[in-house]
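Chemist: Got a structure for you, questions after.
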Amino acid sequence: MALKSLHKRQSDLANSERQLEILSNGIFRNGDLPTFKEKISETGQFPLKTRKLEILQINLGYMCNQVCSHCHVDAGPDRKEIMTRETMGYCLDVIKQTGAHTLDLTGGAPEMNPHFRWFVEEASKAGIKDFIVRSNLTIIEANNGYRDLPEFFKMHQIHVVSSMPHWTRGKTDKQRGDGVFDKSILALKRLNAIGYGIPDSPLRLDLVYNPSGAFLPANQTAMENDFKNALLKDFGIHFHNLYAITNLPISRFLDYLIASENYEDYMYQLVESFNPNAVQNVMCTNTLSVSWDGYLFDCDFNQMLELPVNSKVKHISEYNEALLEGRSIVISQHCYGCTAGAGSSCQGTVA
């Protein structure tokens, strides 16, 4: 388990250009595998275009209390990039005028941004239908300053989406760090105690699963049943839905693939599992991603690879929905991760 981010370790993979270089060369440059552009061109789906904006996903910063082995954000305690209140102000202006029905706050641990609660309170007034906060759960147990987060979430009817690698301690701690499983269980119990995740409760609690190795997630419905049965039997814990998300070959997961000599095999898996039906519903078609410093991207993964939107509008302060709608989506080989098998998005499978 890495104790520092790629940036802190000064790894060459902390450089997005280096990641893109790896994804563009080797087995893709020599023709062993088709590029993503070539693949979707074969099915008549290039260029990939955006549809009506439904989800505004805002990254409040890369600071996190965990350093997870698969993290595509390369988040951690040593990352100091956080969204300022000024940039949050631009986001609030957009939230009030956009037609998007879902606001999705992510990080890092978004709760570690010092302006987090202020932003949630202000954004809650905008009438968003689904207000998501992506919590790593352990932040609730990090210190006394965060212990009342469940009550704060409830006050604003926040939809909590939380990472949970497995229903067992060993597999969870291997991916996320020693002690993460026990703290996650405590946090889930706190959320359950005030109504989150309870059957028929309007307080939504969903879990996210990422594979711990170089393989695709199993069937999402089957995994949800396994998670629900195990967590209820062992700990009395309830939740609503499980989202199974494919690990994309970028940042720390790319570092793992290369170090374990699994990179080429994993890319073959992704390409051979390509599902043209999943392309129609990938998250970049209805989502706009906003970075901690306010720049706009087609998705969270493009944000980490520093691939900005293909538009004259580059920053949230210049937001113009008419200019952004219908743009061509920026793609590279990492996009295979969202179109393999049943597809993958921040809301789980898509096909």
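Chemist: Taking the condition surrounded by fewer than 15 Cβ atoms within 10 Å (Cβ to Cβ) and out of contact with any strand residue (DSSP E or B) (no Cβ under 7 Å at 6 or more places or on another chain), does Gly76 pass?
Modeler: no
Chemist: Has region 302-314 got any residue that is open to solvent by 40 Å² or more (accessible area, probe 1.4 Å), touching a residue at least 60 places away in the same chain (Cβ under 8 Å), assigned to a loop (DSSP other than H, G, I, E, B) and within 18 Å of Leu53 (Cβ to Cβ)?
Modeler: No; the residues of region 302-314 include none that is open to solvent by 40 Å² or more (accessible area, probe 1.4 Å), touching a residue at least 60 places away in the same chain (Cβ under 8 Å), assigned to a loop (DSSP other than H, G, I, E, B) and within 18 Å of Leu53 (Cβ to Cβ).
Chemist: The conditions are (1) in a loop (DSSP other than H, G, I, E, B); (2) at pLDDT below 95, and Phe181 fails exactly one of them. Which is it?
Modeler: (1)
Chemist: Residues to consider are Ser69, Ser41; find the one that is in contact with a helix residue (DSSP H, G or I) (Cβ under 8 Å, 6 or more places away or on another chain) and among the small types (Gly, Ala, Ser).
Modeler: Exactly one of Ser69, Ser41 is in contact with a helix residue (DSSP H, G or I) (Cβ under 8 Å, 6 or more places away or on another chain) and among the small types (Gly, Ala, Ser), namely Ser69.
Chemist: Within region 254-282, how many residues are surrounded by 20 or more Cβ atoms within 10 Å (Cβ to Cβ), in a helix (DSSP H, G or I), out of contact with any Phe, Trp or Tyr (no Cβ under 9 Å at 6 or more places or on another chain) and among the hydrophobic types (A, V, I, L, M, F, W, C)?
Modeler: Number of matching residues: 2.
Chemist: Restricting region 283-297 to residues that are open to solvent by less than 10 Å² (accessible area, probe 1.4 Å) and assigned to a loop (DSSP other than H, G, I, E, B), which is nearest to Gln57 (Cα to Cα)?
Modeler: Ser291
Chemist: Given the options Asn113, Asn65, name the one that is touching a Pro at 6+ places or on another chain (Cβ under 7 Å), over 29 Å from Thr339 (Cβ atoms) and either open to solvent by 30 Å² or more (accessible area, probe 1.4 Å) or not β-branched (Val, Ile, Thr) (or both).
Modeler: Asn65
Chemist: Before we move on, is Ser273 in contact with a Gly (Cβ under 7 Å, 6 or more places away or on another chain) and at pLDDT 95 or above?
Modeler: yes
Chemist: Looking at Val94, is it in contact with a strand residue (DSSP E or B) (Cβ under 9 Å, 6 or more places away or on another chain) and more than 30 Å from Gln280 (Cα to Cα)?
Modeler: No, not satisfied.
Chemist: Follow-up. Which residues, counting only those in region 1-36, are exposed (fewer than 15 other Cβ atoms within 10 Å of the Cβ), outside any loop (DSSP other than H, G, I, E, B) and of a type outside the set (Asp, Glu)?
Modeler: Scanning region 1-36 gives Arg18, Ser24.
Chemist: Mind listing whichever residues of region 315-351 are of a type outside the set (A, V, I, L, M, F, W, C), surrounded by 19 or more Cβ atoms within 10 Å (Cβ to Cβ) and part of a helix (DSSP H, G or I)?
Modeler: Those that are of a type outside the set (A, V, I, L, M, F, W, C), surrounded by 19 or more Cβ atoms within 10 Å (Cβ to Cβ) and part of a helix (DSSP H, G or I): Gln333, His334, Tyr336, Gly337.
Chemist: In this structure, is Asn219 of a type in the set (S, T, N, Q) and over 11 Å from His238 (Cβ atoms)?
Modeler: Yes, satisfied.
Chemist: To continue, here is another question. Out of the residues in region 56-72 that are under 14 Å from the mean Cα position of the chain (by Cα) and modelled with pLDDT under 95, which is nearest to Asp182 (Cα to Cα)?
Modeler: Once the filter is applied, the top-ranked residue is Cys68.
Chemist: Pick out the one residue from Leu103, Leu53 that is among the aliphatic types (A, V, I, L, M), within 20 Å of Gln347 (Cβ to Cβ) and over 15 Å from the mean Cα position of the chain (by Cα).
Modeler: Criteria check complete, one pass: Leu53.
Chemist: Under the condition of being assigned to a helix (DSSP H, G or I) and open to solvent by less than 20 Å² (accessible area, probe 1.4 Å), which residue from region 224-253 is nearest to Ser24 (Cα to Cα)?
Modeler: The qualifying residue nearest to Ser24 (Cα to Cα) is Ser251.
The values are calculated or read from the model by the stated rules, or taken from the named source; none is laboratory data. Quantities reported herein were computed from a predicted structural model and do not represent experimental measurements. Glycine gets a Cβ as well: all are built from the backbone with ideal geometry, and neighbour counts include every protein chain shown. Side chains are part of the model used for accessible areas, which takes the heavy atoms of the whole protein and leaves out ligands, DNA and RNA. Shrake-Rupley method; radii C 1.70, N 1.55, O 1.52, S 1.80 Å.
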